[in-house]
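Report on the following structure.
The values are calculated or read from the model by the stated rules, or taken from the named source; none is laboratory data. These figures come from a predicted structure and were not determined experimentally. Glycine gets a Cβ as well: all are built from the backbone with ideal geometry, and neighbour counts include every protein chain shown.
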């Protein structure tokens, strides 16, 4: 017997170049650069948005969402090479 389906809660919404969650909102125009790290156990990515003030916003996303976010932020399709052989490993 199965229980109720798991509810997937998205940590953010991205619309009109505005990224917002339950406790933040920022224009993608204010993001200096984006970094991410894959959780090898879940396959999800923790994405960090860096701002000029030094503040950071972090969200958890799937790989496809990461690619979509970078495309919107950069205003064109970007061919990300995620999991590149030259990536630093900790």
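Being part of a loop (DSSP other than H, G, I, E, B), at pLDDT 95 or above and at positive phi: is that true of residue 43 here? Let's see the steps before the verdict.
Numbers: part of a loop (DSSP other than H, G, I, E, B): yes; at pLDDT 95 or above: no; at positive phi: yes.
Criteria not met by residue 43.
Do we find that residue 23 is farther than 23 Å from residue 81 by Cα, at pLDDT 95 or above and surrounded by fewer than 14 Cβ atoms within 10 Å (Cβ to Cβ) in this structure?
no
Which of the residues that make up the stretch 56-90 are over 15 Å from residue 19 (Cα atoms) and either modelled with pLDDT of 85 or more or within 8 Å of the chain's Cα centre (by Cα) (or both)?
Hits for the stretch 56-90 are 62, 63, 64, 76, 77, 78, 79.
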